[in-house]
Structure formats: structure tokens, C-alpha cells
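Down below is the structure, laid out as C-alpha cells.
The values are calculated or read from the model by the stated rules, or taken from the named source; none is laboratory data. Remember, it's a predicted structure, so these values are computed and weren't measured experimentally. All Cβ positions, glycine included, derive from the backbone under ideal geometry; neighbour counts span all protein chains shown. The accessibility values were calculated without ligands, DNA or RNA, using every heavy atom of the protein model including side chains. Shrake-Rupley method; radii C 1.70, N 1.55, O 1.52, S 1.80 Å.
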Amino acid sequence: MTAAVRADLTNLDHFANGFPQDLFARLRREAPVRWHEPTEHTPKGTGFWSVHTYAESREILLDPAVFSSAQGTVLFDHPWAGYMMNMMDNPRHARLRRLVSGGFTPRMVDRLEDELRRRTETLIDAAVEMGQCDLVEAVTSELPLQAICMLMGIPQQDRHLLSERVHHVFDVKDGSTAGGSAAAATESLLQYGREIVAERRRNPQDDLLSVITHAHLPDEDPSHLLEPEIDAFFQLLFGAGADATRSAASWALVAMAADPTILDTVAGDPSVLTTLPDEAVRMMSPVAHNVRTATRDYELAGHRISAGDRVVYWLASANRDEAVFRDPQRCDVRREPNPHLGFAQGPHFCLGASLARLELQVILRQFAARVERIELTGDIEWTRSNKYNGINRIPAALTSRRTRSAPRAGRPAGVRGAGRRAGRCPAGDRPQ
Ligand code: HEM
């Protein structure tokens with residue numbers, strides 16, 4: 001057994017400087033699927049199956065009857081398992097998804113676009129004005145946060161407070177739930193969510209919270225969302241909405257710093273924005289792994305998985321699988337097709353994918369229109385996590401474009417209606 005095959009994938013030292021792609025390239029070659037022995041970070045002293053390749057990850061995603069989400073999608077026991085929509089199986093999951101998907105239609109997302117662009121211009125202008133800044137703080141964390149508040153109908157002045165509380169609740173960076181402060185954060189988040197939901201019940205607005213609160217499907221039983229489902233959904237949206245998009249956008253800006261031709265390409269031919277956001281999601285894979293639990297014995301790539309076994313599939317590795325992607329370690333801004341698994345596939349395909357793609361397009365477009373060069377002025381700081389690939393800090397100096405003649409409102413041909421195009425999975429939810 002080689003060192004790669006023996007590597008402890010729950011040891012976060014491997015992930016301190018970003019996802020260890022070299023290690024996973026060896027795992028794809030030497031052990032596409034392997035049994036991972038228990039470690040101090042695995043609950044109840046149980047090990048898990050570790051799946052490193054694209055075909056097997058996709059096989060898991062597309063077979064929810066065998067690979068259940070209801071016991072949670074993290075390695076430890078999650079308090080919301082069974083209540084949060086990403087941690088449920090059908091028929092309950094399908095019912096919940098039908099109830100809330102009205103809030104994520106391409107029409108709803110497209111409506112945000114002008115406002116998102118205006119806000120992005122303001123953020124980037126301020127960053128350019130400063131000359132030197134942390135791009136995560138100045139741009140990539142701020143826009144997704146503002147966007148999710150707009151979509152949900154949450155007052156913008158509450159966004160930082162809420163995002164701090166969500167981080168406490170979702171803090172799985174060390175492989176376990178956050179300590180004592182998590183309970184207090186959960187409680188105050190629940191309280192906030194319940195108050196605003198009660199308000200929307202009395203006074204519906206044109207926002208996602210009102211859609212969820214008033215969702216009614218006469219043929220379903222019950223025909224509305226249950227209280228714990230609304231509570232959990234409120235928390236999921238904040239975590240999912242703010243963090244993952246920030247990671248993909250941060251990765252794209254670091255790529256633009258390393259290779260200024262990407263900036264120039266976007267500035268000169270913004271139609272590249274029909275493919276670049278998905279390539280950023282493939283390369284970064286903000287959700288590094290997910291977890292399912294086998295409901296029955298199953299054979300995967302010649303291995304016998306037993307009912308009750310936990311299965312970890314690494315999206316960040318599947319998205320660099322040489323068997324599927326040509327030159328997988330290279331950022332190809334025009335990669336097409338790009339059947340990456342960054343937004344998953346199957347029944348849990350990311351509900352926010354349209355919004356995430358739109359945000360990425362707006363950020364990259366406005367960046368390229370205003371900034372000629374990004375120069376890193378220090379080391380970027382990676383999130384030390386094997387669950388979420390993230391960048392916490394990008395210290396950079398920006399050189400403004402001398403002529404700011406880029407059209408303010410000009411979405412490039414082929415980019416308008418991105419939400420509409422993005423409403424489907426790039427590879428489709430279907431097997432290919
Ligand atoms: C680049 C950004 C994003 C990435 C990479 C991403 C990734 C994912 C992935 C991999 C899943 C599947 C989870 C599973 O199979 O267990 C998922 C589900 C989900 N995402 Fe995203 N996401 C992003 C942005 C967003 C945004 C902006 C929102 C909301 C505004 C959102 C809302 C959701 C929801 C509600 C689900 C659960 C869907 C279900 O279980 O049916 N995501 N996302």
C-alpha cells in the first residue's frame with residue numbers, strides 16, 4: 001500500500017494550503033475507491049468509503065435510493081439531518097423542493113441582475129480606489145451576502161450579523177460541529193428567522209421568504225412547509241448562498257492575478273462568461289466532498305459496500321478526473337462541455353446554481369471592465385477544511401484600466417438570460 005493510499009483524509013494538515021490535488025491524482029490512479037479506517041475525527045469510531053473518481057461519484061449522486069442523504073451529508077452526526085432539504089430523501093425531499101423551487105426560478109434570479117451589477121460596480125470601484133485591499137473582504141464575500149439578502153428579503157443591515165451566526169452554526173472546519181457558541185448562535189438565528197417569517201406571513205412581499213412561507217401544493221400532504229423545515233431552510237440558504245459562491249469567485253480572481261490574459265479575455269470578449277463561471281466552479285469545487293449512507297449492500301467499482309456504511313465522495317477530485325476532463329489541472333476559460341459535479345447532479349442538484357452563475361458573471365465582468373491588473377501582495381490564505389474549499393484572504397494591489405469605457409449595463413451577447421440558461425445543469429441532471 002503506497003503512502004497516498006494510506007493517507008488520512010480527515011487530517012486537515014493535508015488541506016491547509018488548498019485541496020491536495022497531487023495526492024488525489026494518485027488516489028484516482030491507485031485506489032479509485034477505498035475503505036478509510038476510522039480516525040479521531042470520525043464519529044463513533046467508524047470508518048468510511050472514500051470515492052475519488054468521477055464515474056463512481058456520479059453513480060452515487062444518481063442513485064439516492066441506495067445512497068441516502070437523510071443521515072446527513074457530513075462525516076459527523078449533524079443536528080439538522082432529516083430536516084434540512086439537502087439532508088433528506090424522497091418523497092419528503094421532492095415535496096420540499098417543489099415547494100421552494102418557485103423562489104429560484106430563472107425569472108426571479110434574472111430580476112436581481114441589474115441590482116447586482118450596480119452593487120458590484122460600487123464594491124469594485126471602492127476596492128480600486130483603495131489600491132490595495134483584501135479582495136475577499138472587499139468583493140467576493142460581500143456580493144453573495146448582499147445577493148442572498150435581496151433574494152430572501154432580509155434587510156441588508158442585518159447581513160453581517162446573520163452571516164457571523166451562520167458561520168458558528170456551520171463551522172465544520174475542524175471536522176466537528178462548533179463548540180458551545182453554536183447552540184447560542186443557532187438559537188438566535190432561529191429567533192431572527194421566525195420573526196421575519198411571521199412578518200412575511202402577515203405581510204407577503206415579492207421575495208423568497210414570502211414564497212416559502214406561503215408555498216401551497218394542494219396535492220401534497222401536508223400542503224405547506226412544516227415549522228422545522230422553514231427553520232432549517234432559512235439556515236441552509238444563508239450558508240449555501242453566501243459561502244460557496246464566494247469561494248468560486250475568489251478562485252477566479254486568484255486565477256486572473258496569476259494569468260492576466262484571463263482578465264484581458266473577459267474585457268475584450270465577455271461572451272467567455274458563458275463558460276468561465278462553470279470552469280471556476282470545477283477548478284475550485286467549493287464543496288470538496290459530500291457524504292451519503294448506503295441503504296443496502298451495493299457493489300461499487302468492485303468493492304462491497306454494506307448497508308449502513310458511510311460513503312464520502314470527493315467532488316474536488318472527481319472534477320479533475322483525467323478520464324473525463326482533457327488537461328484537467330488547467331483552467332480552460334472556454335471549456336465546453338464542462339460536465340463538472342461542483343453543483344452536484346441528480347435530485348439534490350444545487351438549487352442556487354442559476355444565482356451563483358449570475359453572481360460570478362457579474363463579478364468577473366465588472367472586474368475585467370475596471371481592473372487592468374491584479375497583483376498579489378502577500379500569500380493567499382486558504383480555509384483549513386476538507387469539506388469546504390475556500391479562500392479567506394487575497395491581499396492584492398489593483399491597477400485600474402486607464403479608460404473606463406466598458407459599457408456599464410452591457411451584458412455580452414450570449415450572457416443575457418444567464419439565469420435562464422443556467423437553470424439546467426450544464427451536464428444535465430440525467431446520465432450521459
Ligand atoms: C458556486 C456556488 C455553489 C456551489 C458550488 C454549490 C454547491 C452545491 C452542491 C454540491 C449541492 C448538493 C448537495 C448534496 O448533494 O448533498 C448544493 C445544494 C444546494 N444548494 Fe448550492 N452551491 C452553490 C451556491 C448556492 C447558492 C447561491 C444557493 C442559494 C441561494 C444554494 C442553495 C442550495 C440548496 C438549497 C441546495 C439543496 C438542494 C437539494 O437538496 O435539493 N447554493 N449546492
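Heavy-atom accessible surface of His36, to the nearest 10 Å², is about 10 Å², with a 1.4 Å probe and all protein chains retained. Once you keep just the Cα pairs under 8 angstrom separated by 6 or more residues, what percentage relative contact order results for the chain? The normalised contact order for the chain reaches 25 percent. Separation of the range 330-402 and the range 236-299, taken as the distance between their Cα centroids, equals 5 angstrom. By definition, a body whose alpha carbon gyration tensor gives a ≥ b ≥ c is oblate when a/c is 1.5 or more and a/b is not larger than b/c, and the chain fits this oblate description. Overall shape: oblate for the range 1-132, with the ratio a/c of the largest to smallest alpha carbon gyration tensor axis at 1.5 or above and b/c at least equal to a/b.
Calculation over all alpha carbon pairs of the range 246-354 in 10 angstrom steps from 0 returns a P(r) of 13, 39, 29, 13, 6, 1 percent.
Scanning residues 5 or more positions from Met84 or on other chains, none has an amide H under 5 Å from its amide H, with H placed 1.01 Å from N in the peptide plane. Residue ranking by accessible heavy-atom surface, 1.4 Å probe, largest first, among Tyr388, Tyr192, Tyr313 comes out as Tyr388, Tyr192, Tyr313. With a Förster radius of 51 Å applied to the C-beta separation of Arg373 and Arg107, the computed FRET efficiency comes to 0.85.
Full extension of the segment from Ser223 to Arg384, taken as 0.36 nm per residue of separation minus the current Cα-Cα distance, would add 53.8 nm. Adding -39500 (n - 2.57) for every DSSP H run of four residues or longer, then dividing by how many residues the chain holds, sets the calculated 222 nm ellipticity at -13000 deg cm²/dmol.
Sorting Asp22, Asp207, Asp332 by accessible area puts them as Asp22, Asp332, Asp207; the probe is 1.4 Å, largest comes first, and only protein heavy atoms count. Per-residue surface analysis assigns Glu229 an accessible area of about 0 Å², computed on protein heavy atoms at 1.4 Å probe radius. Modelled spin labels at Phe76 and Arg326, positioned 7 Å past Cα toward Cβ, are 4.4 nm from each other.
For the range 1-74 and the range 92-132, write down the distance between their C-alpha centroids in whole Å. So the two Cα centres are separated by 32 Å. Heavy atoms of the protein chains alone define the surface here; on that basis the range 1-100 has 42 Å² accessible area per residue at 1.4 Å probe size. The accessible-area ordering, largest first, of the residues His14, His348, His216, His52 stands as His216, His14, His348, His52, per a 1.4 angstrom probe. Per the Debye formula with a single identical scatterer at each Cα and no solvent contribution, what log10 I(q)/I(0) holds for the range 213-276 at q = 0.19 Å⁻¹? The Cα Debye sum returns log10 ratios of -0.78. Tell me, what is the FRET efficiency for Asn11 and Glu164 to the nearest 0.05, using R0 = 25 angstrom and their Cβ-Cβ distance as r? It comes to 0.35. Once a ≥ b ≥ c are taken as the square roots of the eigenvalues of the Cα gyration tensor of the range 72-127, is the result rounded (a/c under 1.5), prolate (a/b larger than b/c) or oblate (a/b not larger than b/c)? Because a/c hits 1.5 or more and a/b fails to exceed b/c, the range 72-127 counts as oblate.
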